[in-house]
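Inspection log for the structure reproduced underneath, given as C-alpha coordinates.
The values are calculated or read from the model by the stated rules, or taken from the named source; none is laboratory data. Just so it is clear, the structure is predicted and the values come from calculations on it, not from any experiment. Note that we place each Cβ from the backbone using ideal geometry, even for glycine, and neighbour counts take in every protein chain shown. The protein model used for the area step is the full one, side chains on, heavy atoms only, and it has no ligands, DNA or RNA in it. Shrake-Rupley method; radii C 1.70, N 1.55, O 1.52, S 1.80 Å.
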Amino acid sequence: MEKLTVVKIGGKVINEEAALDAFLKKFALIKGKKILIHGGGNIASDWQRKMGVEPKMIQGRRITDKDTIEVVTMIYAGLNKKIVAKLQGLDNQAIGLSGADLNVIKSHKRMNLVIDYGYVGDIEGVNAGVINALMNLEATPVVCALTHDNSGQLLNTNADTIASAVATGMSESYDVDLVYCFEQPGVLSDFENKIVIPVIVKKDYDGLKNSGTISDGMIPKIDNAFAAIDAGVGQVKICHFDAIDTVHAAEYSGTVICQK
(Lines give C-alpha, C1' and ligand atoms only; values in the text may rest on other atoms or scores of the structure.)
Protein backbone atom coordinates (compact mmCIF):
# COMPACT_ATOMS: atom_id res chain seq x y z
CA MET A 1 0.00 0.00 0.00
CA GLU A 2 1.09 3.58 -0.65
CA LYS A 3 2.49 5.44 2.36
CA LEU A 4 0.42 8.26 3.91
CA THR A 5 1.70 10.45 6.74
CA VAL A 6 -0.93 12.03 9.01
CA VAL A 7 0.60 14.68 11.28
CA LYS A 8 -1.04 16.51 14.16
CA ILE A 9 0.63 19.63 15.58
CA GLY A 10 -0.15 21.28 18.89
CA GLY A 11 1.28 23.08 21.90
CA LYS A 12 4.20 25.47 21.38
CA VAL A 13 4.34 24.85 17.63
CA ILE A 14 0.94 26.55 17.36
CA ASN A 15 1.56 29.27 19.92
CA GLU A 16 4.88 30.55 18.57
CA GLU A 17 5.33 31.86 15.03
CA ALA A 18 9.00 30.89 14.79
CA ALA A 19 8.26 27.32 15.91
CA LEU A 20 5.43 27.03 13.40
CA ASP A 21 7.65 28.28 10.58
CA ALA A 22 10.43 25.85 11.51
CA PHE A 23 7.99 22.94 11.63
CA LEU A 24 6.31 23.77 8.32
CA LYS A 25 9.64 24.01 6.50
CA LYS A 26 10.37 20.42 7.49
CA PHE A 27 6.80 19.20 7.01
CA ALA A 28 6.84 20.53 3.44
CA LEU A 29 9.81 18.26 2.67
CA ILE A 30 8.03 15.02 3.67
CA LYS A 31 7.78 12.88 0.56
CA GLY A 32 4.54 11.33 -0.61
CA LYS A 33 0.97 12.00 0.45
CA LYS A 34 0.38 13.71 3.76
CA ILE A 35 -2.32 15.35 5.86
CA LEU A 36 -1.81 18.03 8.51
CA ILE A 37 -4.20 18.46 11.46
CA HIS A 38 -4.02 21.28 13.99
CA GLY A 39 -5.78 22.68 17.02
CA GLY A 40 -5.55 26.20 18.35
CA GLY A 41 -2.95 25.95 21.12
CA ASN A 42 -3.44 28.67 23.70
CA ILE A 43 -4.39 31.22 21.05
CA ALA A 44 -8.12 30.60 21.41
CA SER A 45 -7.97 31.11 25.20
CA ASP A 46 -5.88 34.28 24.79
CA TRP A 47 -8.38 35.75 22.33
CA GLN A 48 -11.32 34.77 24.51
CA ARG A 49 -9.85 36.87 27.30
CA LYS A 50 -9.17 39.78 24.94
CA MET A 51 -12.84 39.67 23.90
CA GLY A 52 -14.04 39.52 27.49
CA VAL A 53 -14.94 35.80 27.40
CA GLU A 54 -13.20 33.90 30.22
CA PRO A 55 -12.23 30.35 29.13
CA LYS A 56 -13.94 27.56 31.05
CA MET A 57 -12.08 24.28 31.52
CA ILE A 58 -13.04 21.10 33.37
CA GLN A 59 -10.41 18.37 33.78
CA GLY A 60 -8.38 19.98 31.00
CA ARG A 61 -11.28 20.00 28.52
CA ARG A 62 -12.70 23.24 27.15
CA ILE A 63 -16.34 24.06 27.80
CA THR A 64 -17.58 25.43 24.48
CA ASP A 65 -20.62 27.61 25.07
CA LYS A 66 -22.30 29.81 22.46
CA ASP A 67 -19.76 32.63 22.79
CA THR A 68 -16.81 30.24 22.83
CA ILE A 69 -17.78 28.42 19.63
CA GLU A 70 -17.83 31.79 17.87
CA VAL A 71 -14.34 32.62 19.12
CA VAL A 72 -12.77 29.23 18.36
CA THR A 73 -14.33 29.20 14.88
CA MET A 74 -12.71 32.54 14.14
CA ILE A 75 -9.33 31.51 15.59
CA TYR A 76 -9.15 28.02 14.09
CA ALA A 77 -10.28 29.16 10.64
CA GLY A 78 -7.80 32.06 10.60
CA LEU A 79 -4.95 29.86 11.77
CA ASN A 80 -5.90 27.26 9.18
CA LYS A 81 -5.56 29.75 6.33
CA LYS A 82 -2.30 31.09 7.75
CA ILE A 83 -0.84 27.57 7.69
CA VAL A 84 -2.09 27.01 4.14
CA ALA A 85 -0.51 30.29 3.00
CA LYS A 86 2.80 29.37 4.63
CA LEU A 87 2.80 25.96 2.91
CA GLN A 88 2.05 27.58 -0.45
CA GLY A 89 5.08 29.81 0.19
CA LEU A 90 7.10 26.62 0.60
CA ASP A 91 5.91 25.27 -2.78
CA ASN A 92 3.62 22.78 -1.05
CA GLN A 93 0.12 22.83 -2.56
CA ALA A 94 -2.35 22.81 0.34
CA ILE A 95 -6.06 23.18 0.97
CA GLY A 96 -7.54 24.23 4.31
CA LEU A 97 -10.56 22.38 5.66
CA SER A 98 -12.90 22.19 8.61
CA GLY A 99 -14.97 19.08 9.15
CA ALA A 100 -17.91 20.85 7.48
CA ASP A 101 -16.09 21.41 4.17
CA LEU A 102 -17.18 18.74 1.71
CA ASN A 103 -18.66 16.87 4.70
CA VAL A 104 -15.16 15.68 5.60
CA ILE A 105 -15.86 14.96 9.30
CA LYS A 106 -19.34 14.59 10.75
CA SER A 107 -19.92 14.57 14.50
CA HIS A 108 -22.69 14.79 17.05
CA LYS A 109 -22.89 17.11 20.03
CA ARG A 110 -21.45 15.42 23.08
CA MET A 111 -24.11 14.34 25.54
CA ASN A 112 -22.96 14.07 29.14
CA LEU A 113 -25.42 13.92 32.02
CA VAL A 114 -22.83 15.17 34.53
CA ILE A 115 -20.96 17.87 32.56
CA ASP A 116 -22.41 20.01 29.77
CA TYR A 117 -19.45 20.51 27.42
CA GLY A 118 -21.54 22.70 25.12
CA TYR A 119 -20.77 22.73 21.41
CA VAL A 120 -18.22 19.92 21.52
CA GLY A 121 -18.27 17.18 18.90
CA ASP A 122 -17.77 13.44 19.13
CA ILE A 123 -16.81 12.07 15.72
CA GLU A 124 -19.18 9.78 13.81
CA GLY A 125 -17.24 9.35 10.61
CA VAL A 126 -14.56 10.59 8.20
CA ASN A 127 -15.20 11.04 4.48
CA ALA A 128 -12.06 9.26 3.28
CA GLY A 129 -13.15 9.42 -0.38
CA VAL A 130 -13.15 13.22 -0.40
CA ILE A 131 -9.78 13.42 1.35
CA ASN A 132 -8.31 10.96 -1.10
CA ALA A 133 -9.70 12.93 -4.07
CA LEU A 134 -8.01 16.09 -2.78
CA MET A 135 -4.69 14.29 -2.34
CA ASN A 136 -4.99 12.91 -5.86
CA LEU A 137 -5.04 16.55 -7.00
CA GLU A 138 -1.57 16.84 -5.39
CA ALA A 139 -3.00 18.90 -2.52
CA THR A 140 -2.12 18.50 1.15
CA PRO A 141 -5.30 18.71 3.28
CA VAL A 142 -4.85 20.95 6.34
CA VAL A 143 -7.66 20.20 8.80
CA CYS A 144 -8.57 22.38 11.79
CA ALA A 145 -10.30 21.24 15.00
CA LEU A 146 -13.87 21.96 13.88
CA THR A 147 -16.40 19.34 12.81
CA HIS A 148 -20.14 19.62 12.13
CA ASP A 149 -23.40 17.87 13.00
CA ASN A 150 -24.89 17.84 9.47
CA SER A 151 -27.63 20.20 10.69
CA GLY A 152 -25.75 23.47 10.34
CA GLN A 153 -23.88 23.53 13.65
CA LEU A 154 -20.09 23.63 13.93
CA LEU A 155 -18.60 21.70 16.86
CA ASN A 156 -15.29 22.17 18.66
CA THR A 157 -13.50 18.80 18.48
CA ASN A 158 -10.27 17.56 20.03
CA ALA A 159 -7.53 17.70 17.39
CA ASP A 160 -5.79 14.54 18.68
CA THR A 161 -9.08 12.68 18.23
CA ILE A 162 -9.51 14.12 14.73
CA ALA A 163 -6.01 12.92 13.83
CA SER A 164 -6.77 9.43 15.11
CA ALA A 165 -10.09 9.31 13.24
CA VAL A 166 -8.59 10.60 9.97
CA ALA A 167 -5.68 8.15 10.16
CA THR A 168 -8.14 5.33 10.82
CA GLY A 169 -10.41 6.38 7.97
CA MET A 170 -7.52 6.46 5.51
CA SER A 171 -5.97 3.16 6.67
CA GLU A 172 -8.19 1.08 4.39
CA SER A 173 -6.46 2.57 1.35
CA TYR A 174 -3.00 3.53 2.64
CA ASP A 175 -0.16 2.38 4.85
CA VAL A 176 -0.67 5.16 7.41
CA ASP A 177 1.84 6.61 9.85
CA LEU A 178 0.18 8.84 12.45
CA VAL A 179 2.52 11.39 14.05
CA TYR A 180 1.79 13.64 17.03
CA CYS A 181 4.20 16.60 17.19
CA PHE A 182 4.61 18.98 20.10
CA GLU A 183 7.34 20.68 22.14
CA GLN A 184 8.68 17.56 23.91
CA PRO A 185 11.00 14.94 22.34
CA GLY A 186 8.48 12.14 22.90
CA VAL A 187 6.74 10.41 25.80
CA LEU A 188 9.06 10.93 28.78
CA SER A 189 9.96 8.62 31.65
CA ASP A 190 11.94 11.45 33.28
CA PHE A 191 10.55 14.90 32.50
CA GLU A 192 13.39 16.86 34.11
CA ASN A 193 16.12 15.04 32.18
CA LYS A 194 14.00 14.59 29.02
CA ILE A 195 14.47 10.82 28.89
CA VAL A 196 12.30 9.41 26.10
CA ILE A 197 10.45 6.10 26.26
CA PRO A 198 11.42 4.73 22.81
CA VAL A 199 8.57 2.20 22.45
CA ILE A 200 5.21 1.75 24.20
CA VAL A 201 3.28 -1.44 23.54
CA LYS A 202 -0.30 -2.00 24.61
CA LYS A 203 0.45 -4.63 27.26
CA ASP A 204 2.72 -2.17 29.12
CA TYR A 205 0.46 0.89 28.87
CA ASP A 206 -1.67 0.30 32.00
CA GLY A 207 1.44 -0.21 34.09
CA LEU A 208 2.94 3.07 32.88
CA LYS A 209 -0.29 4.88 33.81
CA ASN A 210 -0.61 3.18 37.19
CA SER A 211 2.97 4.10 38.09
CA GLY A 212 2.37 7.73 37.13
CA THR A 213 5.04 7.61 34.41
CA ILE A 214 2.32 8.56 31.91
CA SER A 215 -0.22 11.03 33.29
CA ASP A 216 -2.35 14.11 32.67
CA GLY A 217 -2.68 15.27 29.06
CA MET A 218 -0.47 12.50 27.68
CA ILE A 219 -3.08 9.86 28.56
CA PRO A 220 -5.78 10.97 26.07
CA LYS A 221 -3.09 11.38 23.39
CA ILE A 222 -1.91 7.79 23.83
CA ASP A 223 -5.51 6.58 24.16
CA ASN A 224 -6.13 8.10 20.72
CA ALA A 225 -2.95 6.45 19.44
CA PHE A 226 -4.07 2.99 20.52
CA ALA A 227 -7.59 3.63 19.19
CA ALA A 228 -6.03 4.27 15.77
CA ILE A 229 -3.84 1.17 16.02
CA ASP A 230 -6.79 -1.01 17.06
CA ALA A 231 -8.65 0.26 13.98
CA GLY A 232 -5.91 -0.55 11.48
CA VAL A 233 -3.19 2.12 11.69
CA GLY A 234 0.21 0.42 11.72
CA GLN A 235 2.00 2.61 14.26
CA VAL A 236 1.88 6.01 15.89
CA LYS A 237 4.87 8.25 16.61
CA ILE A 238 5.10 11.04 19.18
CA CYS A 239 8.00 13.45 18.78
CA HIS A 240 9.32 16.99 18.95
CA PHE A 241 8.04 19.18 16.13
CA ASP A 242 11.62 19.81 15.04
CA ALA A 243 12.06 16.07 14.41
CA ILE A 244 9.23 15.71 11.88
CA ASP A 245 11.75 15.19 9.09
CA THR A 246 13.10 12.05 10.84
CA VAL A 247 9.84 10.12 11.32
CA HIS A 248 10.58 7.84 8.37
CA ALA A 249 14.33 7.69 9.00
CA ALA A 250 16.49 5.21 10.91
CA GLU A 251 17.67 7.96 13.26
CA TYR A 252 14.16 8.76 14.56
CA SER A 253 14.47 9.53 18.27
CA GLY A 254 10.89 9.98 19.50
CA THR A 255 8.39 7.46 20.89
CA VAL A 256 6.77 4.71 18.83
CA ILE A 257 3.34 3.45 19.93
CA CYS A 258 2.53 -0.01 18.60
CA GLN A 259 0.43 -3.08 19.29
CA LYS A 260 3.33 -5.37 20.22
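Things to note:
- Among the helices of the chain, those built from whole DSSP H runs whose Cα atoms reach 20 Å or more along their own axis and whose mean Kyte-Doolittle hydropathy is at least 0.0 are 66-89.
- For region 1-132: rounded, prolate or oblate by the Cα gyration tensor [a/c cutoff 1.5]: oblate
- Expressed as a whole percent, the accessible surface of region 3-258 that belongs to carbon and sulfur atoms is 51, based on a 1.4 Å probe.
- Here region 106-149 and region 243-260 have alpha carbon centers that stand 26 Å from each other.
- Unit charges on C-beta of K, R, D, E only; dipole of the chain, Debye: 100
- On the principal axes of its alpha-carbon atoms, region 3-258 has extents of 46, 45, 35 Å, going from largest to smallest.
- Accessible surface, per residue, of region 45-107 when the full set of protein chains is kept, probe 1.4 Å, Å²: 54
- Database remark: amide H of Val179 closer than 5 angstrom to the amide H of Val6, Val7, Lys8, Lys237 (H placed geometrically; neighbours at sequence offset of 5 or more, or on other chains; Pro and chain starts carry no H).
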